[in-house]
Amino acid sequence: MFGFKEAGIVGINKRNLDFVLAHNRRKFYPNADSKLKTKEIALSLGLNVPDLFANIRYQYEVKQFEDIVQPYDKFVVKPDRGSGGDGILVIIEKVMAGYKKASGNIMSRQETRYHLQNMLSGMYSLGGHDDTIVIERMVEFDPIFDEIAYQGVPDIRLIVLEGKVLMGMLRLPSKASDGKANLHTGGVGVGIDMDTGITTTAIQRNRYIDVHPETNKPLTGRQIPYWKDMLDMATKMQKASGLGYIGVDIVLDKNKGPMILEINARPGISIQIANQCGLLSRV
Ligand SMILES: Nc1ncnc2c1ncn2[C@@H]1O[C@H](COP(=O)(O)OP(=O)(O)O)[C@@H](O)[C@H]1O
Ligand SMILES: [Mg+2]
């Protein structure tokens with residue numbers, strides 16, 4: 001293990017005070033906290049995003065869910081103001097018994113409706129207030145990640161401070177994470193060399209690993225395609241959001257290339273562990 005202090009690691013209190021509070025003005029929070037708002041911003045910049053299929057806003061609309069998703073075989077359902085992957089359903093197939101998730105587990109129609117009702121009442125959302133439900137196209141990820149992605153779509157997390165991308169991490173779904181790449185769901189985080197876009201060291205649940213826990217393929221030494229474009233997209237999003245310090249999540253679609261998935265006004269700090277490097281040393 002490397003020493004935390006020496007490496008300039010930013011802890012949660014310092015992140016809140018010196019990064020989030022110091023650089024992010026309240027009035028711009030909605031640009032990051034609402035995924036719909038973030039989509040609008042990205043589109044206004046000419047950046048790609050996963051297509052929006054529907055937005056469910058009221059409890060009575062939950063009854064219509066089957067009709068709403070009728071045209072789509074695969075889709076993702078998420079709370080507009082969610083975070084950390086909480087409440088997200090990655091649906092890969094409709095089956096007789098209901099909806100099949102990325103993990104292969106099936107949710108019955110009844111369970112799904114209950115989940116949607118909870119989502120609307122804010123169970124998975126920032127502050128626990130009422131929320132709306134975003135239904136969007138499931139990203140078909142680039143085969144470049146086939147060897148190291150398991151049942152879900154990887155994303156690339158970039159930390160941007162006032163026009164500069166400080167750090168990056170490739171996040172990979174695992175068996176535990178049910179189609180999501182977020183670290184606290186059990187996803188794998190892989191550090192990225194900023195100059196080259198090549199992956200370095202990896203963690204799962206804060207432990208260092210060399211190979212993907214399910215596929216057993218090496219995590220290190222992989223080139224992230226479109227790396228320079230991604231850096232550019234992330235800084236554009238940071239400027240347009242009005243927020244000085246954000247985490248940008250980018251997914252790589254096999255047909256459409258890099259897409260903005262969402263941005264975060266309070267990005268997590270484990271990215272430093274994955275990179276074996278503190279954020280302070282990059283400021
Ligand atoms: N449209 C999508 N297609 C495929 N996977 C998705 C999609 N949206 C989200 N995911 C998966 O869920 C994870 C979390 O999604 P995200 O939109 O970043 O929400 P959160 O704010 O909860 O992190 C992503 O990292 C990805 O693995
Ligand atoms: Mg995210």
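The values are calculated or read from the model by the stated rules, or taken from the named source; none is laboratory data. As the structure is a computational prediction, the values presented were derived from the model and not from experiment. All Cβ positions, glycine included, derive from the backbone under ideal geometry; neighbour counts span all protein chains shown. Please note that ligands, DNA and RNA were not included when accessible areas were found on the heavy atoms of the full protein model with its side chains. Shrake-Rupley method; radii C 1.70, N 1.55, O 1.52, S 1.80 Å.
Table for the structure above
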item	result
Filter result for the condition that a residue is open to solvent by 20 Å² or more (accessible area, probe 1.4 Å), of a type outside the set (D, E, K, R) and closer than 30 Å to Met167 by Cβ, over Ser103, Ser108	Ser103
Candidate set: segment 27-59, residues that are of a type in the set (A, V, I, L, M, F, W, C) and assigned to a helix (DSSP H, G or I); chosen: the one most open to solvent (accessible area, probe 1.4 Å)	Leu43
Subset of segment 167-181 that is within 25 Å of Leu231 (Cα to Cα) and out of contact with any Pro (no Cβ under 9 Å at 6 or more places or on another chain) - its residue that is nearest to ligand 1 (Cβ to nearest atom)	Met169
Some residue of segment 60-75 being under 30 Å from Leu243 (Cβ atoms), buried (at least 17 other Cβ atoms within 10 Å of the Cβ) and not assigned by TED's automatic domain parsing to the domain that holds Leu243	yes
Qualifying residue in segment 184-205 (condition: surrounded by 18 or more Cβ atoms within 10 Å (Cβ to Cβ), among the hydroxyl-bearing types (Ser, Thr, Tyr), within 14 Å of ligand 1 (Cβ to nearest atom) and closer than 30 Å to Arg57 by Cβ)	yes
Residues within segment 172-198 that are in a loop (DSSP other than H, G, I, E, B) and of a type in the set (Gly, Ala, Ser), tallied	6
Number of positions in segment 76-85 that are over 18 Å from Phe141 (Cα atoms) and open to solvent by less than 30 Å² (accessible area, probe 1.4 Å)	5
Residue match in segment 129-151 (condition: touching a Lys or Arg at 6+ places or on another chain (Cβ under 9 Å), within 13 Å of ligand 2 (Cβ to nearest atom) and open to solvent by 20 Å² or more (accessible area, probe 1.4 Å))	no
Unique residue being open to solvent by 30 Å² or more (accessible area, probe 1.4 Å), of a type outside the set (Asp, Glu) and either within 25 Å of Leu89 (Cα to Cα) or more than 16 Å from ligand 2 (Cβ to nearest atom) (or both) when the list is Ala265, Ala240, Ala181	Ala240
Filter result (away from ligand 2 (no atom under 12 Å from the Cβ), over 15 Å from Thr215 (Cα atoms) and modelled with pLDDT of 90 or more) within segment 168-178	Gly168, Leu170
